[in-house]
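Read the figures in this text as sums done on the coordinates, not as results from a lab. Everything numeric in this text was worked out from a predicted model, so none of it was measured. Neighbour counts run over all protein chains shown; Cβ positions are idealised from the backbone, glycine included.
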Amino acid sequence: MSAVDVLGAPGPPPVETAAWRRRARGLRGLPLQAKIGAGILAFLVLVALLAPLIAPYGQNQLDFDNILSAPSPSHLFGTDSTGRDVFSRTLYALRVDLAIVVVVTYIPLPIGVLIGAMAGYFGGIVDSVVARVIDVMIAFPFFVLVIAVIAVVGPGVKGVLIGVPIVAWALYARLARSEMLVMREQPFMLATTALGYSRRRAILRHAVPNLMRPCLIYSTLDMVVNLLLLASLAYLGLGAQPPNAELGSIVADGQSTLLTAWWVATLPGLVVVLFGVGAGMLGDGLSDGRLRGGVQ
Amino acid sequence: MTALLRIEGLRVEFGDGDAPLVAVDGAGLSVAPGEVVGLIGESGSGKSLTCRSVMRLVPRPGRIAAGEIEFDGRDVLAMSAQELRDFRAHDAGMIYQDPFSSLNPVYRIRDQIAETLRVNLGVGKADARAQAVELLDGVGIRDPERRALSYPHELSGGMRQRVMIALATASRPRLLLADEPTTALDVTTQAQILALLLRLRAERAMAVLLVSHDFGVIAQVCDRVVVMYAGHVVETGPLAALYTNAQHPYTRALLESVPELESAGRRTRRPGIAGVPPELTEVLPGCVFKPRCRHAQPGCEAISMALEPVSEGHETACPVRPFAGTGSAPTARAGAQR
């Protein structure tokens with residue numbers, strides 16, 4: 001930071017501090033909605049990470065003396081038909097589900113952005129081919145494809161880990177491509193050509209960082225979709241196999257006792273809802289900020 | 001003097017081969033080393049396309065259909081991809097009308113300038129950053145050490161245009177293509193940017209091709225002027241010759257439509273040019289300006305639009321010469337240039 005040293009002691013405040021403050025102000029300046037959403041997600045992630053410390057019981061710890069007992073201080077979410085503590089099971093399930101959701105959301109994202117960026121940048125035949133492939137991927141019934149993959153690789157989370165990214169990149173590619181078609185005509189992209197930069201540099205260094213923003217905002221919604229997909233598959237018995245817990249499989253277990261012990265299915269379900277609300281608020285808040293403070 | 005840039009018979013077309021729309025039709029001009037040439041015309045006259053053609057940056061689906069573009073004896077249109085990149089990186093720089101989107105919003109301005117130094121000149125990382133600050137200082141950014149760490153959205157339009165100029169001239173090109181660089185700026189900032197261009201030209205012997213629709217801007221900085229109308233060059237000549245002795249009716253009409261300080265308060269209407277420029281789909285035989293020309297005569301629809309010499313370096317596409325011998329200054333501004 002020789003530039004700072006040259007500046008000397010008197011005069012304006014040190015540059016790095018000023019820049020840092022500006023950055024911090026930027027975060028504080030986020031819409032309240034985004035902050036609440038981020039808070040909810042952070043809370044869920046923290047709880048999931050600390051599951052072994054927080055959970056009062058093991059996830060598969062049976063207790064036949066306390067079958068289907070209602071929520072109480074000793075069993076926050078009550079117990080299920082074999083006396084397992086639903087709260088503990090939910091924490092462990094959340095751990096598994098969040099890990100999978102993050103993987104199946106953020107592995108396809110950079111792949112999709114890159115493909116979409118190239119299609120939009122090059123245009124012509126490359127773009128036509130990619131756009132048609134994207135259309136096909138998106139038109140294909142997502143759920144059926146994932147189930148088909150599971151049919152091949154067998155039940156368990158492996159099917160989701162393989163099946164979802166096969167399709168999900170197309171969503172990001174479509175978004176990145178449409179943004180790129182607009183950005184390509186922006187003077188700063190024209191400038192990368194006029195400055196003699198390689199196309200590789202123009203796409204990777206100049207276009208992609210700008211495309212990441214809308215894609216990251218979209219990914220908050222995608223995470224919700226993926227969590228619901230995961231819960232649905234687990235509910236159908238295609239997710240993590242018993243006795244390991246997933247949010248969907250806990251709900252499925254509780255379904256048969258819903259009328260007598262509502263808590264078994266309802267409370268883990270509400271955790272899914274909480275995640276959805278948090279991610280939705282974060283995404284909404286970020287896109288508001290984008291419109292307000294926006295990049296042209 | 002041999003020209004640094006020579007454009008001849010440039011033709012830019014849009015659309016399919018059978019019935020293309022011709023946006024630039026046979027335009028030609030030349031820029032000598034260290035010279036500032038103004039390219040003036042209305043919207044849609046093809047001036048920006050001509051300027052962009054030099055970098056082979058005609059926006060799709062447009063294409064350069066014919067013509068020659070020669071930079072320092074090298075044929076720009078025949079360059080391979082690698083030669084073209086090299087040409088863009090080292091020999092010519094370009095700045096644009098819209099300083100609000102011509103810098104990448106996600107990088108600090110120092111890093112954007114340092115990037116071009118590193119990529120195009122092979123300067124090391126720390127050196128590039130230090131040089132970037134120097135370049136910012138060189139384009140008149142105050143407190144460059146601090147400003148260098150700003151993001152583009154933190155700067156005013158005038159400052160962004162200065163940064164853009166620093167970026168485009170970082171690798172010391174011999175030619176700067178300035179496509180309406182001051183149009184989006186207020187008049188004070190405009191004057192500062194033009195002064196900066198003149199200073200850079202003087203310091204580095206850098207030639208400038210300045211595209212503008214504003215005779216005021218052209219008059220402040222240019223050595224020579226090229227007037228375009230509907231894709232054709234209609235008149236070209238030294239600034240003084242064009243101001244005092246314009247031979248083409250379009251140039252005269254343009255000059256007469258410029259308001260001047262002396263007319264302030266006097267309720268005289270500036271004469272406009274009747275009508276509108278032709279659409280790209282209209283193909284006019286002969287002189288393209290004839291429908292709007294006050295001096296049109298029978299036979300104008302049969303002329304070739306070729307430039308004919310008037311005097312040393314002064315050429316016009318109008319063979320009728322309605323002003324031949326008058327020689328008087330068409331506006332009071334002519335006396336007030338520079």
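Here are the numbers for this structure:
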{"item": "Peptide B:48-56, shielding by other chains (average Cβ, 10 Å cutoff)", "result": "1"}
{"item": "Set of lysines with alpha-carbon distance to residue A:35 below 24 Å, sequence-local pairs under 8 removed", "result": "none"}
{"item": "Cα long-axis angle, helix A:262-293 against chain A (0 to 90 degrees, to the nearest 10)", "result": "10 degrees"}
{"item": "Area projected by the alpha carbon convex hull of the protein assembly as shown, averaged over all directions, nm²", "result": "38.5 nm²"}
{"item": "Two-site label geometry, residue A:133 and residue A:178: point separation in nm, points 7 Å out along Cα→Cβ", "result": "2.0 nm"}
{"item": "Two-decimal log10 I(q)/I(0) for the stretch B:221-263, as the Debye equation yields it once each C-alpha is a single scatterer, q = 0.16, 0.28 Å⁻¹", "result": "-0.42, -1.06"}
{"item": "Convex hull of Cα atoms in the stretch B:87-166, direction-averaged projection (nm²)", "result": "4.9 nm²"}
{"item": "Peptide B:142-148, shielding by other chains (average Cβ, 10 Å cutoff)", "result": "4"}
{"item": "On Cα atoms only, tilt of A:157-183 relative to the major axis of chain A in degrees", "result": "30 degrees"}
{"item": "Taking N as its residue count, the alpha carbon Rg of the stretch B:135-234 over 2.2 N^0.38 Å", "result": "1.13"}
{"item": "Whole-number percent relative contact order across chain B, with pairs defined as alpha carbons under 8 Å at least 6 apart", "result": "20 percent"}
{"item": "Isotropic mean projected area of the C-alpha convex hull, chain B (nm²)", "result": "18.7 nm²"}
{"item": "Shielding score for A:180-189, defined as the mean number of other chain Cβ atoms within 10 Å", "result": "4"}
{"item": "Square roots of five times the Cα gyration tensor eigenvalues for chain A, Å", "result": "43, 28, 14"}
{"item": "Rg over Rh, two decimals, the stretch A:157-296 (C-alpha only, Kirkwood Rh)", "result": "1.16"}
